[in-house]
Amino acid sequence: MEVADSVTCIILLILFSGSAAGNRKALYSFKAQENAIAMAPSSDNGICKSMVETHGYDCEEHTVTTQDGYILSMQRIPVGRSGGTPGNRPPVLLQHGILMDGITWLLLPPEQSLAFVLSDNGYDVWIANSRGTKYSKGHKSLSPNDPAYWDWSWDELVAYDLPATFQYVYDQTGQKLHYVGHSQGTLIALAALSKDQLLNMLRSAALLCPIAYMGQMTSPLAKNAADNFIAEAVYWLGLSEFDPRGDAVVKLLKDICSKPGIDCTNLLTSFTGQNCCLNSSIVNIFLDHEPQPSATKNMVHLAQMIRQGTIKMYDYIDEVENMKHYGQATPPAYNMTSIPNDFPVFLSYGGEDALSDVNDVKLLLGSLKDHDGDKLVVQYRYDYAHADYVMAENAKQDVYDPLIAFFRLQ
């Protein structure tokens, strides 16, 4: 067996055994714990305290409640490190990808992390954290130990999380906002835009590693999991939370990464593709905070997209269930050609990205072929893979500076 295949098998085993162990723990928890309602974290232990204020930036913790009851954590960096007057700055909402949270935008040093770079360039920065992640575990009536808490896929992020966070930022600032999404953060934005959602609150969108079509992805880890129906098997076992993070797993990976001659940037390769520009120390910082949980149902939905090469709502497989949810026997599609041609989009993709594959991105670009020429900026980085866009030491000059230049034109 080749080394890459061995790494893939090990990571698959770690991810899914971690998920199963976490859910077994939940299944055997005390009744009182099962009935407890998860509340939003206090400002004393949130992202502001741990990741932002330590670098000399002002930071505010906010919460927003979705229409279906999830309590989401948001962070606001109102001014740059050098200070300034809050209130007049154009707002930017940053939305992370799958198995990540808002710390995605804070992993690099302040001079290189997108959240800080935007703040120092005059923007009012808002960081979103999707339901189920560490700082967005709250719900009005459900506990994360309740399987019903995890009964969602990215369809619900489109229908509930995005509208709630957009409306909150819009109400707080009184301005239309710019949006930056990475990975799944691009998928939910594209889906919302295709349904004419959010446009009245949005100035422009920057899509890093755009995910729409997924049928040609080359990631061994994601492809093997999808082809072998791994997520479905976990779901059918009744394990509703997909949690790749556990103390034993993280300690194991950190121990491996600390050994002489071991470059742990390679651990990411079987999932993301060959990242060009990660400092080896960034993986330890990554493991301090990520990966984050998601719903197993969400992983099933993504696996369906990989196998089918389509952008559709979650498929319940059973026609009666689909009819109950959608009023038709098959799930409705999100039509990328419905995205308004005059809406400003910045899109950046990498030649080495194994998740947002070049050929899949080309399908998306084909759907946008009628977009107004001055409203669509496409950047191609031949050497970038999936993690480079949020963790590369040269991302500021190669991606973030052009992104900010685009925002200033809108």
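The values are calculated or read from the model by the stated rules, or taken from the named source; none is laboratory data. Here the structure is a predicted model, which means the values were calculated and not measured. Cβ placement follows ideal geometry from the backbone for every residue including glycine, while neighbour counts extend to all protein chains displayed. Each accessible area value is taken on the protein alone, full model and side chains, heavy atoms only, with ligands, DNA and RNA left out. Shrake-Rupley method; radii C 1.70, N 1.55, O 1.52, S 1.80 Å.
Loop only by DSSP, 10 or fewer other Cβ within 10 Å of the Cβ. Give me the trypsin sites (Lys or Arg not before Pro) in the range 314-410 that pass, ordered by residue number.
Here the trypsin sites (Lys or Arg not before Pro) that fit, given the DSSP loop and packing criteria, are Lys369.
Relative contact order, percent, of the range 259-410 when contacts are C-alpha pairs under 8 Å separated by at least 6 residues?
Details: 167 pairs, mean separation 44.7, N = 152.
Taking the mean separation of contacting Cα pairs over the length of the range 259-410, I get 29 percent.
Dipole size in debye (nearest 20) for the range 262-384 around its Cα centre, Lys and Arg Cβ +1, Asp and Glu Cβ -1?
200
State, as an integer percentage, the relative contact order of the range 261-350 based on alpha-carbon contacts under 8 Å between residues 6 or more apart.
Computed value for the range 261-350: 15 percent relative contact order.
Pairs Lys49/Lys134; Lys369/Lys396; Lys134/Lys396; Lys223/Lys297; Lys176/Lys375: which are spaced more than 19 Å apart, C-alpha to C-alpha?
Details: Lys49/Lys134 15 Å; Lys369/Lys396 28 Å; Lys134/Lys396 27 Å; Lys223/Lys297 17 Å; Lys176/Lys375 17 Å.
Exceeds cut-off: Lys369/Lys396; Lys134/Lys396.
With +1 on each Lys and Arg Cβ and -1 on each Asp and Glu Cβ, and nothing else charged, work out how big the dipole of the range 328-410 is about its Cα centre, in Debye to the nearest 20.
Magnitude of the dipole: close to 240 debye.
Let me cross-check Phe229: its accessible surface, 1.4 Å probe, with only protein heavy atoms counted, in Å² to the nearest 10?
Surface accessible to solvent at Phe229 totals approximately 90 Å².
How big is the Kirkwood radius of the range 265-315, worked out from every pair of different alpha carbons and given in Å to one decimal?
Working: mean 1/r = 0.0751 Å⁻¹.
Final number for the Kirkwood radius of the range 265-315 is 13.3 Å.
What do you get for chymotrypsin sites (Phe, Trp or Tyr not before Pro) in the range 334-401 restricted to DSSP loop and a cutoff of at most 14 other Cβ within 10 Å of the site's Cβ?
Tyr382
How much space per residue, in cubic angstrom, does the convex hull of the C-alpha atoms of the range 117-230 take up? Intermediate results must be reported in sequence, preceding the final value.
Numbers: hull volume 17.2 nm³, N = 114.
Spread over its residues, the Cα hull of the range 117-230 gives 151 Å³ apiece.
Could you list, bin by bin from short to long, the percent of Cα-Cα pairs of the range 315-410 in 5 Å steps?
Once binned at 5 Å, the Cα pair distances of the range 315-410 give 3, 12, 17, 15, 16, 14, 9, 8, 6, 2, 0.
For the range 75-157, which trypsin sites (Lys or Arg not before Pro) are in a loop by DSSP, counting at most 13 other Cβ atoms within 10 Å? Don't skip to the end; give the middle numbers.
Numbers: sites: Arg76, Arg81, Arg131, Lys134, Lys137, Lys140; in loops: Arg81, Arg131, Lys134, Lys137, Lys140.
Answer in residue order: Lys140.
Quick one: Karplus J couplings for the range 144-152, per residue in order, coefficients 6.51, -1.76, 1.60, θ = phi - 60°, nearest Hz, x for Gly and Pro?
Going residue by residue, I get x, 7, 8, x, 5, 4, 9, 7, 7 Hz, with x marking Gly and Pro.
Heavy-atom accessible area of Ser143 with all protein chains present, probe 1.4 Å, nearest 10 Å²?
Accessible area, nearest 10 Å²: 10 Å².
How large is log10 of I(q)/I(0) for the range 273-345 at q = 0.11, 0.20 Å⁻¹ when the intensity is taken from the Debye formula with one equal scatterer per alpha-carbon?
These q points yield log10 I(q)/I(0) values of -0.53, -0.94.
Would you pull out the residues with amide H under 5 Å of Asp124's amide H, same chain only if 5 or more places away, H placed 1.01 Å from N?
Val92
Percentage of Cα-Cα pair distances in the range 68-168 greater than 17 Å, rounded to whole percent?
Counting pairs separated by more than 17 Å, the tail of P(r) holds 55 percent.
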